[in-house]
Each structure stands twice: as C-alpha cells, then as structure tokens.
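Beneath this line is the structure, given in structure tokens, with notes to follow.
The values are calculated or read from the model by the stated rules, or taken from the named source; none is laboratory data. In this text, all values refer to a predicted model and were calculated from it rather than measured experimentally. A quick note on method: Cβ atoms are made from the backbone with ideal geometry, for glycine too, and the neighbour counts reach across all protein chains shown. Side chains included, ligands, DNA and RNA excluded: accessible areas come from the protein's heavy atoms. Shrake-Rupley method; radii C 1.70, N 1.55, O 1.52, S 1.80 Å.
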Amino acid sequence: MNIFNVNMVMIFFAATNCFFAQKNQDSLYKNIEVVKITKLTIKNQNQQHLETKQSDNLNHDAGKFLNSLPEINGIKKAANYATDPVLRGFKYEQLNIVIDGAAAAINACPSRMDPAISQINLNTVQEAEIYKGPYHFRNGNSFGGTINFISVSPVFSHQTKIGGRISAGYESNGNVTRTEALAQVSSHKTAWDFFGSYQKGDHYKDGNGDEVRSAFLRYNFGTKANYKWNENNITTLQINTNQGRNIEFAALSMDLIYDKTWIYQVKHLMKFNQKYLKQLDFNSYYTEVTHSMGTPDRTMVSDVDSNTYGGRVEAKLGWKQNQVFTGIDYKHEAVQNISMKMPAMMPMRDGTSWQDSFINQIGWFNEYQYIFPKSKLTASYRLDFVQSSANDLSNLFKTLYGEGSSENVNHSVSLGYSQNLSAYSQWSVWVGRAQRSGSLTEKYINRFPVGIDAYEMVGNPNIKPETNNQIDLIYAYKKENVFFQANIFYAYLQNYISGVVIPLRPYSMSAPGTRQFQNLEKSFKTGAEARFNWQFSPKYKTELAAAYTYAEDITTNNPLPEVAPLDFRWNIEAYFSAITLGVNYRFSGTQNRINPNFGELKTKDFSVLDFNIKYRIFKNANLMFEVLNIFNRAYSEHLSRAYSMDKTRRILSPGRNFSLGFSCSF
C-alpha cells in the first residue's frame, strides 16, 4: 500500500471524527427504518436503501449496481455480465435475493452463468433494500442478508395520462450500446406500464491493453398492470422476459448460447381501518429459465431448465405502540437437464449434473415491533420446513446416499434494540440466529466443477443446515447536512457448508480431483463498515465509506475462501445550475488471506479514479458523460475468477472507458 493510499484512508477516519463540530439544527429521526445511501436521511440502522439513478436504468448487471456499496463485492466469471453479489463474505444462497418481497429465480446453469441477480431489470427498479445479517425474515430465509429489489410504485391520476422515459448510452471500451424505454398510461382506476431494454457489447481492453473476451447481448421487455378496486384494494399483474444471447464467460470452459427467462407475478394489497388488522398482502410468482451453454466450438452443448414458483401472504396488525407482521410463504425450486451433446471420445456420464432435483420450502414468519418514546424494540422468528429430493439419481448418489431425500426443520430468531442517545445520535444492537438448509447445488450437483478451481463437486443430500449466530453493533449520527454511521459485526458459524476433497476419481481428465460438500464444524466472520456524508455547502457534498471483513475456519485456522479485502470509497459532487460534476475515488487493499486449497490467488491493492458530468438540457432531459478508470489502471477484483485457460491469472477489469448517455422523461 503506497503513501497516497494510506493518506486517503487516514483522511476518511479523520473526517469521521471532525464532523461532530458541525452545528446544525436538524434532529435524528426517532424511528430509524432506512438508510438512504444517496441522500442524507436515516431510517433503519441494519438496513440500507440503494436508490437507482438515471444512468442505472441502462445497466444490465444488477450485481455491479450493488457494488456501489463497499461491503458488497461480486464474483465475476464473465467479464461484463451476471456479477454474483457477496455481502460480508456471504454469497449464493446465503443471501436471499427477491423482487418486490417475494419473486425469485434459481440458476439453471450449474456454473451460475445465470444467478438470481441476473434476472433483475434495473429500468423497472426504484431502489434496493439491503438487510445485513440474520435479522429480517419476512421475505424468506435470511442467513447472511436479504436484498429486496423494489419496483417503481404505481401512480394513479384523476384523468387519463400518458408518460414515459427513453434512454440511450454508449461505452467506448468494448463498443457497448444500451437503450431502454418505459411507457406509462394511468387513470383513476388503472396504472399500466410497458418497458423494455437492449444492451450489446464486444471485447474490452484491460489496463495493459490486452483484449478480454466479454461479448454479450441482453434484452428484456414486459408489462405491469395495476388496478385499484377502491382506495383500500389494489391488484398488480406483471409479466416480463429476460433474454441473453452469445455471452462469453472468460473464466469458464463454456459460454452462454442463450438464456430465456419468463417471470410472472400477481399481487393484491388490502388495507383496513380496523382496530387491530391494518393490512393483508398477497404475493405469488412463477419463474422459468431455459438455458443453453456450450464450448466456443460447440462440440459440447448442454441444455437445462429451471423453474421457481411460490407465494406469500402477510398480515399487518397494529395497536397503540405495537406493530406485528405475521404470515406464511412457500417456494418450490427445481432444475432438470434437457439434453447433452458431447464428443464421441468422451466416456458416458453416470447420471446428469442436476439429477432432476427439487426443493420445497414452507415458512412461517413473525415480526413484532414496540415503539418507545425514544427507542424501538424488534423481535423476529421464522420456522422453515425444507424437503428435497431428486427424480433421477446417479448410481454414485444411490451408493453414497440411498434414495437421496432429506427433510429439515430450521428455526431463525432475532432481536434488535435501538436507542436515541440525543436529538442527533442513536445506537443499536442486533442479535440473531439463522439456519439454512443446503441448496440444490450443495445437495445434488453431480460431478461438475462449480467452485473456484477445476475440482469436480459432489453434492450431499445428508448435509446439515448451517447456522449463523451473529451480532451487530451500530452507531448513527445525523444533523441537517451531516450523516455518519459505523457498524461492527461478529458471526459465529456452525456446520458451515464447504467443499472437502474426497478419494473419488473425477469424471473429467482435466479435473485435479473431487470435492464433496460437507459441514465445517466451526468458523467465524467479523468486520466493520463506516459511512460519512457531508453537504458542506449548498453546491458541494462528499461521501466517504469503507468496509472490511475477516473470515476463518476455527478448526484449521485457514481463511474462508472468497472474502474481499478492505474497500474504501470517496465521492465528491458539485452542483452548478444545470451542471452536476462528480469525482469518485476507490481504493481496494491487498488480499493475502487466501485459502490455497481452493485455488485462490492473492490480489494486489489498486486505486481507481472516475469522473462524471451531468447536464440538464431541459426539464426532465439529461446528458451524462463519464470517464471511468481515468489513469487506465490494470487491476483485478479479488473475487474475479481466473481465466479458464490460465488459472494463474485473474480476469482484469476494463481499462480507461468513455461513456455517454442520454435520458428523457415525459
């Protein structure tokens, strides 16, 4: 770490101390529910809201959008597509990713070319709620956290109105073109949206001038209809499709040929003016993914289908200072191999990669809140019954596990208490214990390389649910133009699910061995995050944020794999009438804490500087220009995977990139 980078980090921590000298007259909200990252507001200390901006409407990668928070990093297997989010070292099914509180999708690809996050259309998203830790259970099991993408709310009008938005953008590095559009028709009873987007890109060049395989084509379209029966009843129907074509995955031996996803969602909201019952919320969904992947020469092609469906019903009750949320939810996940084309010289497989496996989960969730004059108590409990099986078990699985079915009953509980220390400051403590059963991959994947290295993985239907025992301590301070929040956490993990080498000869000659999903007896994660916002004049504001996570297997003293290093951000914005200027600085530290047993590579520290300008052409029309990676740094993220043809080198991020965008609302 050079002197300049050390100074940047020291400036951040100095700023978090000196801002207390500001004498503003605003007071802290008594009921803290949400932290707005892009605005100086506070509502809940264990939850953050990440608001979308105009430029995000053109973004095809929701995982990259989440990376604007330093505590969220992303696993990259394709250089420019489907970034899989990692929050405080928790990843994959350890994170609960939902749309509007319920809708979800499961990856059809064993290598996660199409993770749940890849099905999010940012041009229809208003914001993302991020619940850190095992504390929020209303939207499903929350082992390491919940990320809830909230769609734009319907707006009804007394007279028929037509509105919408069109946006377009271009990036020089990779020849990326983006377009999106939204049309809205509203009346007293109805609000109807039509939306779509189209993005296409080619190979980009990294900071060394080397070309990186990163071509992609993605488009989506759909509609959302809202009908207001009366002031207390609204029904919503949404249908949309996400389509991917010819997407290159530099870290995998196969590329995505096509990915066809359809998502259907029906919701109904009922409000009541009764003494206790205040609201009933019904939400149901169905998602189907048809996925095809193949080697670049198409000598090997695999077609897979997945489907996810379920629903939830939630009742909201309230009286005096008491508030209760209670309900049930159900989710079915299933994946099936459709066809497989292989070279003639390859030996026959023993069964398919997914084995026609499925999971059924039914949950009962409860949350109780009591609001004191200057504090708030929150208690939550969730009970899950999880049943899993496979209809087409391989001979290996029959030998190891018999019929291969399993059933688990999981209990999750949390308690949170927030106390106002003054009119401007507050502290909170959250404690929680959550259990999570193994995913379809962890239970039923059949001799397929799904990890960091080329080891073939064997699922384990008998794997125990993993348990997260976590505590978060949070301090927040807010005045009119200043906001500061600091958070430390510790998570004690029992039966942590990971891969262990077993003496089984791999199916592929290129695989160095075989791993089986097993439970690690004891491990832990700990870390800290801090954020400081300061509007130091009517025209200028700055934001600093940092995050760090440390994780270790207690039994072996080895680091847990795929944990990002220290991440520090510093943004400055200036407003001049029709022009907004911004400078973004990011520093990522060295990561030497790796687990070599999983093929991890050490990562050097790096610094990146970006510049952006937004010009308001006229009301509701803006022109955006960005220069990303101004100094053309050659760097790689720690969670980016290594090239498929060279496991000693990670995929490097894009070099200098010029971006131009336009957006107009009407």
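Structure above, values below:
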| quantity | calculated |
| --- | --- |
| So ALA181, is it under 22 Å from ILE263 (Cβ atoms) and either of a type in the set (D, E, K, R) or in contact with a Phe, Trp or Tyr (Cβ under 8 Å, 6 or more places away or on another chain) (or both) | yes |
| Subset tally (residues that are more than 19 Å from VAL176 (Cα to Cα) and out of contact with any helix residue (DSSP H, G or I) (no Cβ under 7 Å at 6 or more places or on another chain)) for region 616-655 | 25 |
| Hey, GLN494 assigned to a strand (DSSP E or B), touching a strand residue (DSSP E or B) at 6+ places or on another chain (Cβ under 6 Å), open to solvent by less than 70 Å² (accessible area, probe 1.4 Å) and closer than 19 Å to LYS91 by Cβ or not | yes |
| Members of region 143-164 that are out of contact with any Ser or Thr (no Cβ under 9 Å at 6 or more places or on another chain), surrounded by 15 or more Cβ atoms within 10 Å (Cβ to Cβ) and of a type in the set (Gly, Ala, Ser) | GLY144, GLY145 |
| Every pair of residues 6+ apart whose Cβ atoms lie under 6 Å, when the first sits in region 493-522 and is farther than 18 Å from GLY438 by Cβ while the second is open to solvent by 40 Å² or more (accessible area, probe 1.4 Å) and part of a strand (DSSP E or B) | TYR507/ARG447; GLY513/VAL501 |
| Any hit, region 165-178, residues being in contact with a Cys (Cβ under 6 Å, 6 or more places away or on another chain), modelled with pLDDT of 95 or more and either more than 30 Å from LEU628 (Cβ to Cβ) or open to solvent by 20 Å² or more (accessible area, probe 1.4 Å) (or both) | yes |
| Per-region count, region 197-225, residues touching a residue at least 40 places away in the same chain (Cβ under 8 Å), open to solvent by less than 40 Å² (accessible area, probe 1.4 Å) and in a strand (DSSP E or B) | 11 |
| Strands (runs of 3 or more DSSP E) wholly inside region 555-663 containing at least 2 residues that are under 25 Å from the mean Cα position of the chain (by Cα) | 567-576, 579-588, 606-618, 621-628 |
| So HIS291, is it of a type outside the set (Gly, Ala, Ser) and open to solvent by 30 Å² or more (accessible area, probe 1.4 Å) | no |
| Contacts under 8 angstrom Cβ, first residue in region 555-576 being small (Gly, Ala, Ser), partner outside any strand (DSSP E or B), 6 or more apart | ALA564/GLY89; ALA564/GLU637; ALA564/HIS638; ALA564/LEU639; ALA574/LYS539 |
| Selection from region 333-342 of residues that are surrounded by fewer than 16 Cβ atoms within 10 Å (Cβ to Cβ) and in contact with a strand residue (DSSP E or B) (Cβ under 6 Å, 6 or more places away or on another chain) | ILE338, SER339, MET340, LYS341 |
| Meets criteria (over 21 Å from ASP61 (Cβ atoms), free of Cβ contacts under 8 Å to residues at least 40 places away in the same chain and either assigned to a strand (DSSP E or B) or among the charged types (D, E, K, R) (or both)) for ILE234 | no |
| Criterion (touching a His at 6+ places or on another chain (Cβ under 6 Å) and at pLDDT 95 or above) met by exactly one of ALA634, ALA547, ALA564, ALA551 | ALA564 |
| Region 81-124, residues that are under 24 Å from TYR258 (Cα atoms), under 12 Å from the mean Cα position of the chain (by Cα) and assigned to a strand (DSSP E or B) | ASP84, PRO85, ILE97, VAL98, ILE99 |
| Test: residue in region 289-302 that is over 28 Å from GLY351 (Cα atoms) and not small (Gly, Ala, Ser) | no |
| Cβ-Cβ under 9 Å pairs, at least 6 apart or on other chains, region 399-411 side under 21 Å from ALA334 (Cβ atoms) and touching a residue at least 60 places away in the same chain (Cβ under 8 Å), far side open to solvent by less than 80 Å² (accessible area, probe 1.4 Å) and of a type in the set (Asp, Glu) | ASN410/ASP384 |
| Some residue of region 588-601 being of a type in the set (Lys, Arg) and under 24 Å from ASN629 (Cβ atoms) | no |
| Test for SER523: is it polar (S, T, N, Q) and out of contact with any strand residue (DSSP E or B) (no Cβ under 7 Å at 6 or more places or on another chain) | no |
| Yes/no for LYS479 being charged (D, E, K, R), open to solvent by 20 Å² or more (accessible area, probe 1.4 Å) and without any contact (Cβ under 8 Å) to a residue 60 or more places away in the chain | no |
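Let's see how each residue does on (1) small (Gly, Ala, Ser); (2) within 21 Å of THR146 (Cα to Cα):
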{"residue": "TYR424", "(1), (2)": "no, no"}
{"residue": "VAL429", "(1), (2)": "no, yes"}
{"residue": "GLY438", "(1), (2)": "yes, yes"}
{"residue": "PRO461", "(1), (2)": "no, no"}
{"residue": "GLU480", "(1), (2)": "no, no"}
{"residue": "TYR492", "(1), (2)": "no, yes"}
{"residue": "GLY499", "(1), (2)": "yes, no"}
